[in-house]
1. I need the full set of residues from segment 99-118 which are within 26 Å of VAL80 (Cα to Cα), more than 10 Å from the ligand (Cβ to nearest atom) and open to solvent by 10 Å² or more (accessible area, probe 1.4 Å), in order please.
2. Out of the residues in segment 152-203 that are surrounded by fewer than 19 Cβ atoms within 10 Å (Cβ to Cβ), among the aromatic types (Phe, Trp, Tyr) and more than 16 Å from the ligand (Cβ to nearest atom), state the one that is farthest from ARG14 (Cα to Cα).
3. Mind checking which residues of segment 34-62 are within 12 Å of the ligand (Cβ to nearest atom) and surrounded by fewer than 15 Cβ atoms within 10 Å (Cβ to Cβ)?
4. ALA65: away from the ligand (no atom under 16 Å from the Cβ), over 21 Å from ILE21 (Cα atoms) and open to solvent by less than 10 Å² (accessible area, probe 1.4 Å), yes or no?
5. Filter segment 23-71 for residues that are of a type outside the set (Val, Ile, Thr) and touching a Gly at 6+ places or on another chain (Cβ under 8 Å) and give the result.
6. Can you tell me which residue in segment 1-26 is surrounded by the most Cβ atoms within 10 Å (Cβ to Cβ), limited to those that are within 16 Å of the ligand (Cβ to nearest atom) and more than 22 Å from ALA175 (Cα to Cα)?
7. Between residues in segment 147-171 that are closer than 16 Å to SER111 by Cα and residues that are away from the ligand (no atom under 13 Å from the Cβ) and aromatic (Phe, Trp, Tyr), which pairs lie under 7 Å by C-beta distance while being six or more apart or on different chains?
8. Inspect segment 130-148 for any residue being more than 24 Å from PRO168 (Cβ to Cβ), more than 16 Å from the ligand (Cβ to nearest atom), surrounded by fewer than 16 Cβ atoms within 10 Å (Cβ to Cβ) and at pLDDT 95 or above and give the result as yes or no.
Amino acid sequence: MKFFLDTANIDEIRKAADIGILDGVTTNPSLVAKEKKPFEELVYEICEIVNGPVSAEVVSTEFEAMVEDARKLAAVHEHVVVKIPLIRDGIKAVTVLSKEEIRTNVSLCFSPMPALLAAKAGATYISPFVGRLDDISHDGMELIQQIVLIYENYGYPTEVLVASTRNPQHVIDAALMGADVVTLPYKLFDALFNHPLTDKGLKAFLADWEKVKDVLASA
Ligand code: G3P
């Protein structure tokens with residue numbers, strides 16, 4: 001299972017990459033806007049830190065402009081995966097881009113039907129937004145289960161990238177369902193390492209060791 005970081009913040013990406021288990025990064029226009037840096041320069045900088053796919057999103061919404069923007073973004077760095085919104089022109093753009101071997105991440109997926117369209121168009125990744133579905137009292141993870149099953153039924157190579165994750169349970173459920181990738185905001189990535197029983201257990205081990213360490217050293 002691949003772990004991507006869902007951020008455009010260089011400090012967060014460096015910290016996560018430093019641990020050694022980061023497989024890629026996803027960004028979106030809202031995340032990029034927070035960084036107040038020229039877009040293509042920022043994408044290049046991220047690509048140089050992360051040895052894996054880096055999603056960068058087009059902001060045009062019409063077919064020809066989307067294809068043109070996607071080609072420009074793909075030329076920024078070999079790690080770039082072009083993020084495309086799941087609209088009609090987006091699907092059409094993906095059919096063209098996949099023939100050119102430009103990798104795509106089809107975003108803003110909220111139901112299984114358009115996920116099937118994205119796979120038929122040749123998308124590299126589909127990004128269902130589970131947290132935003134949970135926010136409106138739908139079951140985000142049920143959507144993941146449906147898409148994984150549909151793709152398995154037909155052998156589509158499109159990878160299921162679980163996006164809009166909010167808590168560690170989303171990550172566990174995604175792994176149990178066989179999703180290919182989860183993308184995590186830095187706060188959630190950081191939280192995955194914490195368990196109160198690990199902290200408590202380690203404290204007790206070290207305290208016990210401390211009590212007799214001189215004896216152990218001379219034995
Ligand atoms: O990058 C796409 C997605 O992960 C956004 O998540 O938290 O804004 O719903 P969120």
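1. LYS99, GLU100, GLU101, ILE102, ARG103, PHE110, SER111, PRO112, PRO114, LEU116, LEU117
2. TYR154
3. Within segment 34-62, LYS34 is the sole residue that qualifies.
4. Answer is no for this residue.
5. ASP23, GLY24, GLY52, PRO53, SER55, MET66
6. ALA8
7. Close Cβ pairs satisfying both conditions: THR158/TYR151; VAL160/TYR151.
8. no
The values are calculated or read from the model by the stated rules, or taken from the named source; none is laboratory data. Being a predicted model, the structure only gives us computed values, none of them experimental. Please note: Cβ atoms are built from the backbone with ideal geometry, for glycine as well, and neighbour counts cover all protein chains shown. The protein model used for the area step is the full one, side chains on, heavy atoms only, and it has no ligands, DNA or RNA in it. Shrake-Rupley method; radii C 1.70, N 1.55, O 1.52, S 1.80 Å.
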